[in-house]
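**Student:** Structure provided below as structure tokens; questions to follow.
Quick note: the coordinates plus some simple rules give every number you see, no bench work behind them. This one's a predicted model, so the numbers in the text were calculated from it and none came from an experiment. Don't worry about glycine lacking a Cβ; one is built from the backbone with ideal geometry, like all the others, and counts go over all protein chains shown.
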Amino acid sequence: MSPPRPPYPHRLHLAQTPTPLSPLPRASSELGVELLCKRDDLTGAALSGNKVRKLEFLFAEARAQDADIVLSCGGAQSNHCRATAVAAAELGLASRLLLRTPDPTSPPAATGNILLDRVVGADIVWITPAEYRDRAARFETECAALRAAGRRPYVIPEGGSNALGSWGYVRCLEELLPELGVPTTIVYAAGSGGTGAGLVLGKRLFGLDHVRIVGVNVCDDRAYFVRAIGDIVEDAITRWKLELPGAAFSRERDIEIIDGYVGRGYAQSRPVELASLVALARSEGVILDPVYTGKAFYALRSELAKDPRAFGERVIFLHTGGVFGLMPPAVADELAEVL
Ligand SMILES: *Cc1c(COP(=O)(O)O)cnc(C)c1O
């Protein structure tokens, strides 16, 4: 018996879905597992990557609340902020992005995602890492000022990662259901936790006991992500009164995170990671990003080198996008070293 259809909230159509599930034959022989790639880098062109799936639900709520401007936040080269700005333009809304940079008086050049933010007309507010940590307060002041000016703001959290946004990855897992008849491990990069939360929630809602959902954290540590993902999943269960088949949700049992691959730090690459990215690009024509998917794939490669059966016989690597992260000159220079 198939599980009941989850009570999806209203969503807008922004992403090109279903995305392809492509076999990676040469990487499969190299790594000794059947390896497939869920191509969520193909959810669109400028409006692409994993954030688009979350934004379908978040922008639906913004619309329902009659918002005329969306606010969000992230690192300077945030894929999420770029997707938010492009989606806002597509829907005829304004956008304001709080972007983190060490020194707001000399912000980074407009390249990569920042360039696209500018092209679609996002209003960029540069803030320090300390101000970023206090972003909740900053959002409040920004919204109060906007309301006083007669505007109707809607705030999208970092990465679009809250209970509403996580439905995007319940849907992604639903797309994969016909392919999940046999034991499979899905590997993804965790940055703010919303993607992981949707996948973990989907696994439980669809009763996929034979599917492992494995996140590779690209910042912070395992404990941080068990908490971040656990909070979002529990919030969704409460808000939509979700009934899970089988045991109750358990953070420790249901959330699997492989720590140890942050490397030099968030958005900082090591030559081995970039070399691994280039190797996959050359063998399969699949281009990963340096901040998230490149590290997650390097983790997959390294874990399989230690133990070829670490993830069973069949692995689906979730490509969450991020190609514009390769464009900033500093990254291009590091990449040139391994070409
Ligand atoms: C944001 C992002 C992730 C991480 O997803 P979260 O839902 O924030 O954990 C992974 N890959 C890419 C390319 C991203 O932009």
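**Student:** Could you look through the stretch 1-27, keep only residues that are among the hydrophobic types (A, V, I, L, M, F, W, C) and out of contact with any strand residue (DSSP E or B) (no Cβ under 8 Å at 6 or more places or on another chain), and pick out the one that is nearest to residue 171 (Cα to Cα)?
**Tutor:** Of the stretch 1-27, the ones among the hydrophobic types (A, V, I, L, M, F, W, C) are 1, 12, 14-15, 21, 24, 27.
Applying the additional criterion that residues be out of contact with any strand residue (DSSP E or B) (no Cβ under 8 Å at 6 or more places or on another chain) yields 1, 12, 14-15.
On the way: 1: 19, 12: 13, 14: 13, 15: 12 Å.
Looking at the filtered set, the residue picked out is 15.
**Student:** So, in the stretch 113-133, of the ones that are in a loop (DSSP other than H, G, I, E, B) and within 22 Å of the chain's Cα centre (by Cα), which residue ends up nearest to residue 155 (Cα to Cα)? Show your work before the answer.
**Tutor:** Here is the first cut: in the stretch 113-133, the residues in a loop (DSSP other than H, G, I, E, B) are 120-122, 128.
From what's left, within 22 Å of the chain's Cα centre (by Cα): 120, 122.
Details: 120: 18, 122: 14 Å.
Ranking the candidates gives 122 first.
**Student:** Can you tell me how many residues in the stretch 264-279 are within 17 Å of the chain's Cα centre (by Cα) and on the phi > 0 side of the Ramachandran plot? Reasoning before the result, please.
**Tutor:** Of the stretch 264-279, the ones within 17 Å of the chain's Cα centre (by Cα) are 266-267.
From what is left, the residues that are on the phi > 0 side of the Ramachandran plot are 267.
The total comes to 1.
**Student:** For the stretch 280-326, give me the residue count where each residue is hydroxyl-bearing (Ser, Thr, Tyr), in a helix (DSSP H, G or I) and within 22 Å of the chain's Cα centre (by Cα). Outline the logic, then answer.
**Tutor:** As a first pass, look at the stretch 280-326 and keep what is hydroxyl-bearing (Ser, Thr, Tyr): 283, 292-293, 298, 302, 320.
Narrowing further to those that are in a helix (DSSP H, G or I): 283, 293, 298, 302.
Imposing the further condition that a residue be within 22 Å of the chain's Cα centre (by Cα) reduces the set to 293, 298, 302.
Selection size over the stretch 280-326: 3.
**Student:** I'm checking my understanding of the structure. Among residues of the stretch 202-223 that are on the phi < 0 side of the Ramachandran plot and within 16 Å of the chain's Cα centre (by Cα), which one is surrounded by the fewest Cβ atoms within 10 Å (Cβ to Cβ)?
**Tutor:** Initially, the stretch 202-223 is screened for residues on the phi < 0 side of the Ramachandran plot, giving 202-206, 208-219, 221-223.
Retained after the next criterion (residues that are within 16 Å of the chain's Cα centre (by Cα)): 202, 213-219.
Working: 202: 25, 213: 26, 214: 22, 215: 29, 216: 25, 217: 27, 218: 23, 219: 17.
My answer is 219.
**Student:** Show the residue pairs meeting these rules: Cβ distance below 9 Å; 6+ apart or different chains; first residue within the stretch 160-171 and of a type in the set (Lys, Arg); second residue within 11 Å of the ligand (Cβ to nearest atom) and part of a helix (DSSP H, G or I).
**Tutor:** Hits for this filter: 171/53; 171/198.
**Student:** Scan (1) within 16 Å of the ligand (Cβ to nearest atom); (2) crowded, with 21+ Cβ neighbours inside 10 Å for the single condition residue 176 breaks and write down its number.
**Tutor:** Failing condition for residue 176: (1).
**Student:** A further question follows. Is it true that some residue in the stretch 49-66 is outside any helix (DSSP H, G or I) and more than 18 Å from the chain's Cα centre (by Cα)? Spell out the reasoning first.
**Tutor:** Filtering the stretch 49-66 down to residues outside any helix (DSSP H, G or I) leaves 49-50, 65-66.
When the remaining residues are screened for being more than 18 Å from the chain's Cα centre (by Cα), the result is 65-66.
Checked against the condition, which is being outside any helix (DSSP H, G or I) and more than 18 Å from the chain's Cα centre (by Cα), the stretch 49-66 yields at least one hit.
**Student:** So, of the residues in the stretch 252-272 that are in contact (Cβ under 8 Å) with a residue 12 or more places away in the chain and touching a Lys or Arg at 6+ places or on another chain (Cβ under 6 Å), which turns out to be nearest to the ligand (Cβ to nearest atom)? Show your work before the answer.
**Tutor:** First, pick out the residues of the stretch 252-272 that are in contact (Cβ under 8 Å) with a residue 12 or more places away in the chain: 252, 254-263, 265-267, 269, 271-272.
Next, from what is left, pick out any that are touching a Lys or Arg at 6+ places or on another chain (Cβ under 6 Å): 257, 259, 261, 263.
Values: 257: 11, 259: 14, 261: 13, 263: 15 Å.
Looking at residues that are in contact (Cβ under 8 Å) with a residue 12 or more places away in the chain and touching a Lys or Arg at 6+ places or on another chain (Cβ under 6 Å), I get 257.
**Student:** Still on this model: Which numbered condition in (1) under 19 Å from residue 6 (Cα atoms); (2) buried (at least 18 other Cβ atoms within 10 Å of the Cβ); (3) more than 12 Å from the ligand (Cβ to nearest atom) is the only one that residue 234 fails?
**Tutor:** In the conditions (1) under 19 Å from residue 6 (Cα atoms); (2) buried (at least 18 other Cβ atoms within 10 Å of the Cβ); (3) more than 12 Å from the ligand (Cβ to nearest atom), residue 234 misses (2) alone.
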